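The values are calculated or read from the model by the stated rules, or taken from the named source; none is laboratory data. Small disclaimer: the values here were computed from a predicted structure and weren't measured. All Cβ positions, even for glycine, are placed from backbone atoms using ideal geometry, and neighbour counts span all protein chains on display. We work out accessible area using only protein heavy atoms, side chains counted, and drop any ligands, DNA or RNA first. Shrake-Rupley method; radii C 1.70, N 1.55, O 1.52, S 1.80 Å.
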Amino acid sequence: MDSDSVQVPPLRPGDYDPADYADEVVRGAEEAGVSPRLVMGVLHNEAYKPHHPLLERLWQWWKPEASSGVANMHRAAFEQVRRTHGLSGRWQDLRDDPAFAIHAAALHLKDLDGRLPERHVRRYTRDELLALGYNAGERTMRAFARGVPPGPMARSYLRRFRAGRWRAAEALAGWR
């Protein structure tokens with residue numbers, strides 16, 4: 001992905017809006033073969049913390065294994081995506097390169113989609129299960145698909161994902 005023209009998130013957390021990355025979301029989602037609304041929905045859910053590279057470096061200095069980049073990706077998930085798709089970037093690059101972070105997140109969602117059974121309980125849409133998988137991991141996502149009820153943190157993530165659908169759609173309104 002060409003990320004030379006993509007600006008980093010603002011230093012002030014209140015000024016960050018995932019909608020500013022609609023171009024990168026559409027591009028990354030199309031390349032990965034997933035829904036742009038799913039990717040944008042995940043970005044909105046992961047927007048709870050500041051994503052400026054300086055602030056992420058400070059946070060990771062204190063908590064080295066903290067997630068990174070605008071998609072808030074954990075190192076283990078990124079390393080799996082990197083190996084599977086032959087990405088040349090490093091996990092640390094996610095915090096400096098929003099386009100790369102979005103691309104990696106879209107690829108991760110694609111990989112989760114490939115591991116999600118076609119048939120699942122009806123209380124969740126496929127995108128909801130994929131968002132839960134992004135947050136809680138593949139095994140947990142597959143358990144939810146079988147009907148295992150989510151715990152409080154996953155329920156909160158799902159509630160926010162469902163509530164943010166309109167924001168994701170609005171952010172992508174100029175796109176198909």
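In table form, for the structure just shown:
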read-out	value
Residue satisfying all of: in segment 72-96; small (Gly, Ala, Ser) and surrounded by 17 or more Cβ atoms within 10 Å (Cβ to Cβ); farthest from GLU31 (Cα to Cα) among these	ALA77
Subset of segment 107-160 (residues that are among the aliphatic types (A, V, I, L, M), touching a residue at least 24 places away in the same chain (Cβ under 8 Å) and over 28 Å from ARG82 (Cα atoms))	VAL121
Number of the exception - PRO13 against (1) more than 21 Å from ARG160 (Cβ to Cβ); (2) modelled with pLDDT under 70	(1)
Residue list for segment 108-117, filter: of a type in the set (Lys, Arg) and either closer than 21 Å to ALA169 by Cβ or open to solvent by less than 20 Å² (accessible area, probe 1.4 Å) (or both)	LYS110
Qualifying position, being surrounded by 18 or more Cβ atoms within 10 Å (Cβ to Cβ), of a type in the set (A, V, I, L, M, F, W, C), at pLDDT 95 or above and under 15 Å from the mean Cα position of the chain (by Cα), among ALA99, ALA168, ALA105, ALA145	ALA105
Residue ID - farthest from ALA32 (Cα to Cα), chosen from residues in segment 76-101 that are part of a loop (DSSP other than H, G, I, E, B) and free of Cβ contacts under 8 Å to residues at least 24 places away in the same chain	ARG90
Of all residues making up segment 19-51, the number that are at pLDDT 95 or above, crowded, with 21+ Cβ neighbours inside 10 Å and not in a helix (DSSP H, G or I)	1
Count of segment 118-142 residues which are open to solvent by 30 Å² or more (accessible area, probe 1.4 Å), of a type in the set (A, V, I, L, M, F, W, C) and in contact with an Asp or Glu (Cβ under 9 Å, 6 or more places away or on another chain)	0
